[in-house]
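Report on the structure given below.
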Amino acid sequence: MLGRYAKAHPTEPGFTAGTEFPVFAAGGWRFGINICNDANFPDAALRISRQDPRLLCHPLNNMLAPTTAERWRERGVSNLKQRAIETGYRVASSDVVGRSGDLVSYGLTCIVRADGEVLTRVPEHEEGFAIFDLT
């Protein structure tokens with residue numbers, strides 16, 4: 001285990017917001033993590049960017065009610081692009097996809113360049129992975 005990051009902006013009841021924004025190192029890469037809802041808050045990414053990571057990782061779980069999922073469908077992509085532009089670092093996200101009971105997720109697994117361009121993305125409604133040479 002390289003370390004621990006607690007979600008800074010939890011939406012789930014019973015969770016306490018994390019206050020630290022560590023940067024981790026593995027394989028010659030420095031990276032920070034913002035979990036799910038943290039992607040909606042510039043401060044979370046900016047706190048990590050001040051420590052000079054090469055990558056911001058956003059594990060997501062956008063399993064939502066259908067009307068909410070539709071509302072966030074494009075906004076989620078826009079948020080990741082904005083975090084990349086604001087920080088000047090690449091962003092990689094990984095999301096769930098499909099249906100679970102009455103919930104749905106379109107999937108938002110992608111890699112975004114520091115200027116906000118989406119370099120690669122798994123198609124909506126499909127399981128898969130995004131690969132891109134970040135060097």
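Derived scalar couplings between HN and Hα for region 61-76 equal 9, 8, 7, 9, 4, x, 5, 5, 4, 5, 4, 8, 3, 8, 4, x Hz in order, rounded to whole Hz, by the Karplus curve 6.51 cos²θ - 1.76 cosθ + 1.60 (θ = phi - 60°), x for Gly and Pro. Near the amide H of R90, within less than 5 Å, lie the amide hydrogens of L56, A114, all on another chain or at least 5 residues away, with H placed in the peptide plane.
For the chain, what is the calculated [θ] at 222 nm in deg cm²/dmol (nearest 500), taking -39500 (n - 2.57) for each run of four or more DSSP H residues and dividing by its residue count?
Working: 2 runs with 30 residues, N = 135.
The per-residue figure over the chain is -7500 deg cm²/dmol.
Exposure here means at most 14 other Cβ atoms within 10 Å; with trypsin sites (Lys or Arg not before Pro) in a DSSP loop as sites, the longest stretch of the chain lacking them is 51-135.
Indicate the gyration tensor shape class of region 20-91 (rounded, prolate or oblate), computed on the Cα atoms with a ≥ b ≥ c the square roots of the eigenvalues: a/c under 1.5 is rounded; otherwise a/b larger than b/c is prolate and the rest oblate.
Values: a/c = 2.45, a/b = 2.02, b/c = 1.21.
Taking the square roots of the gyration eigenvalues as a ≥ b ≥ c, region 20-91 is prolate.
Just add up the charged neighbours of A6: K/R +1, D/E -1, any other residue whose Cβ is under 14 Å from the Cβ of A6. Write out the running numbers ahead of the final one.
Details: positive: R4, K7, R47; negative: E12, E20, D38.
Neighbour charge sum, excluding A6 itself: 0.
Based on the alpha-carbon gyration tensor of region 35-135 and its eigenvalue square roots a ≥ b ≥ c, which shape applies: rounded if a/c is under 1.5, prolate if not and a/b is larger than b/c, or oblate? Prolate is the answer for region 35-135, as a/c is 1.5 or above and a/b outweighs b/c.
Laboratory data are not the source of any read-out in this text; all were calculated from the coordinates shown. Model, not experiment: these values are computed from the prediction. Cβ coordinates were reconstructed from backbone atoms using ideal geometry, including for glycine residues, and neighbour counts include every protein chain displayed.
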